[in-house]
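The values are calculated or read from the model by the stated rules, or taken from the named source; none is laboratory data. These numbers come from a predicted model, not from an experiment. Cβ atoms come from the backbone with ideal geometry, glycine included; neighbour counts cover every protein chain shown.
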């Protein structure tokens, strides 16, 4: 079932690791400075307030220390990173024909235009620092759905943009949110009007081509009252020997009675530092789901968060992490309950293979006065090899004693009896192991759209090749 | 080519541990069903696992031949592809993996080619009908939360779908009530024919009322000490194993 992609070392045979012969039309000098921030703002022809916002964020970034409580970031050298690379003059092309051919071919190779025709409501494609393509189906446009690059959002919908931008994740939140606020480029601006249900997913696809580039997408999603949307982001890049850096900020506002879902399939190559802040504000009787799949990168620190700020708000966080040799997935989620009769869950499934390390890091906070909160946390870790590692850091701050809080954590090893049992029915050992892993993540994977579930299974099979025996 | 499963002077031990099989000799011709009986700790289940290739055991002497060909060097999956099947005494739970999806993968792995949904479904239907079972068992996760009886019945369903040439049924009867026992026997009897041989490992004579064996072997302390027809099982049921143990000592 996996005859095309059986490889021992994914780092050498990473399917998406090809490099395009594309030179940026403009690239900032290496390193981070006030001059670089001003240049980014200049290239985007921004209003003055945004430049001021960026410069203030830069100061906040510089004042904050590198966090040492999580994954090892000592290898991340900001002086060796390009903070902006503009791939082409035209942003947000509405037709693939208007995208430069070499870049378009890449997205065709990744199957994006085809998926757009078949199963998506809209696609945004970011290449290095800019969104080169953005399009959403006509009938959704007619219903008032906005799905454009964050830059076009600022340009054309400035009032709406300004009402929400940086209100969910302010620059002060953490060092990398401050960094993103200073140098953000690309990402989506999404608005779903009251009562509009976007049935097929919107997808944003992030591709980094230039070596040693930092990508700083900034996405703002507003789901108005009673509306529904599912947004998916996917990420890949070439394999370079030097490190790359991805640091996004995702802000989501889910208004009364709305439903939203944000799915990440992160499959960066193993030279990528991936430090992302994702947060949703969930209002009265609204619902938000984070589905967070971290398979790639060298280091990931990512804890999607939901703030349940009005009565009846609910949120679930489903997380899958796969850490192979050389990778540290420090992932999890945060649920903050600031209103009564709110609820939610975190389900985390991590797999560590070789000397890979996965950490579950989660926070459940129930504020005093938030009555009858119901929350459940389940984190399960599967270790494939003797040297594989997992850690669990579950933080609980429960200030109201009417809360019902459940917490379960398990650590298991790939079980020889299960392997022998499956083998005795004819499955080769590798396939037996991959099947057990797929079964392990099934409770989360079944929430994925079919195409992504198939892709995830394929990736897991690939990663499990040669893992046992 | 020999049409039989042959166990030749088989010695085996737990990896880096105690010797369990101490020279087992046994031949199951294709088309026949043989029973292996014996007291607890005789090595009956070990025999089944060693034939299936459980990596927890190592063969120190002797051979196992399928239709004249040694399978000792083959992994458990390769043995399955040669036509062997072990119905486990304790079927293993695999959460998140659906029973039917797994079975289709196993059938495809065994055949080395795609099996159409139609063909697979027809096989399932036939097995379910024989076992008087409804389809809900197919979408459940493999053995996960199954009752003891469901697990045993599921092993027989797997056997019927995978159609092995030689099946080893390791205490498939233990823990079953009489109705479940009859269904399991019905499944095994449905497999009976010139192209199917089986080794029925059991403690009790009871199942042999429903699956009449062509031969009965008695195992004591890692060896077959006596063999006979179905009447031997009756004798064991009446007299217990003491006389066989004495026989073993005398040998």
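Only residues that are crowded, with 20+ Cβ neighbours inside 10 Å, assigned to a helix (DSSP H, G or I) and more than 9 Å from chain B (Cβ to nearest Cβ) were counted across segment A:445-461, and they come to 5. In segment A:402-436, the residue that is farthest from residue A:320 (Cα to Cα) out of those that are assigned to a helix (DSSP H, G or I) and more than 9 Å from chain B (Cβ to nearest Cβ) is A:430. Within segment B:139-153, the set of residues being crowded, with 19+ Cβ neighbours inside 10 Å and touching a strand residue (DSSP E or B) at 6+ places or on another chain (Cβ under 8 Å) comprises B:142, B:143, B:152. Restricting attention to segment B:94-119, the residues that are touching a residue at least 40 places away in the same chain (Cβ under 8 Å) and either within 8 Å of chain A (Cβ to nearest Cβ) or within 21 Å of residue B:188 (Cα to Cα) (or both) add up to 10.
Yes/no matrix, rows are residues, columns are (1) at positive phi; (2) more than 13 Å from the chain's Cα centre (by Cα):
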{"position": "A:186", "(1), (2)": "yes, yes"}
{"position": "A:197", "(1), (2)": "no, yes"}
{"position": "A:202", "(1), (2)": "no, yes"}
{"position": "A:205", "(1), (2)": "no, no"}
{"position": "A:213", "(1), (2)": "no, yes"}
{"position": "A:218", "(1), (2)": "no, no"}
{"position": "A:224", "(1), (2)": "no, yes"}
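The criterion of at least 3 residues that are closer than 26 Å to residue B:54 by Cβ is met, among helices (runs of 4 or more DSSP H) falling completely within segment B:89-187, by B:99-111, B:148-162. List pairs: first in segment A:154-178 and at positive phi, second at pLDDT 95 or above and crowded, with 18+ Cβ neighbours inside 10 Å, Cβ under 8 Å, 6+ apart or cross-chain? Listed pairs, sorted by first residue: A:166/A:53; A:166/A:181; A:166/A:251. With respect to residue B:7, is the statement that it is free of Cβ contacts under 8 Å to residues at least 24 places away in the same chain and either in contact with a strand residue (DSSP E or B) (Cβ under 6 Å, 6 or more places away or on another chain) or under 23 Å from residue B:188 (Cα atoms) (or both) true? When the stated conditions are applied, residue B:7 does not pass them. Taking the criterion of being surrounded by fewer than 20 Cβ atoms within 10 Å (Cβ to Cβ) and under 25 Å from residue B:175 (Cα atoms), the residues of segment B:92-114 that qualify are B:92, B:93, B:95, B:98, B:100. Annotation for segment A:227-250: no member residue is without any contact (Cβ under 8 Å) to a residue 12 or more places away in the chain and not in a strand (DSSP E or B). crowded, with 18+ Cβ neighbours inside 10 Å and over 25 Å from residue B:41 (Cβ atoms) - does that describe any residue in segment B:170-182? Yes. When we screen A:397, A:378 for residues that are more than 10 Å from chain B (Cβ to nearest Cβ), part of a strand (DSSP E or B), in contact with a strand residue (DSSP E or B) (Cβ under 6 Å, 6 or more places away or on another chain) and farther than 23 Å from residue B:142 by Cα, the only hit is A:397. The residues of segment A:264-279 that are modelled with pLDDT of 95 or more and under 12 Å from the mean Cα position of the chain (by Cα), listed by number, are A:274, A:275, A:276, A:277, A:278, A:279.
Exactly one residue out of B:42, B:87 is more than 18 Å from residue B:3 (Cα to Cα), away from chain A (no Cβ under 14 Å), touching a residue at least 12 places away in the same chain (Cβ under 8 Å) and in contact with a strand residue (DSSP E or B) (Cβ under 7 Å, 6 or more places away or on another chain), and it is B:42. What do you reckon, is residue B:136 surrounded by fewer than 16 Cβ atoms within 10 Å (Cβ to Cβ), more than 10 Å from chain A (Cβ to nearest Cβ) and within 24 Å of residue A:429 (Cα to Cα)? Spelling it out, it is not the case that residue B:136 is surrounded by fewer than 16 Cβ atoms within 10 Å (Cβ to Cβ), more than 10 Å from chain A (Cβ to nearest Cβ) and within 24 Å of residue A:429 (Cα to Cα). Of all residues in segment B:68-84, those satisfying the criterion of being away from chain A (no Cβ under 14 Å) and either at pLDDT below 95 or in contact with a strand residue (DSSP E or B) (Cβ under 7 Å, 6 or more places away or on another chain) (or both) are B:70, B:72. Against the criterion of being under 25 Å from residue A:114 (Cα atoms), modelled with pLDDT of 95 or more and more than 18 Å from the chain's Cα centre (by Cα), residue A:228 qualifies.
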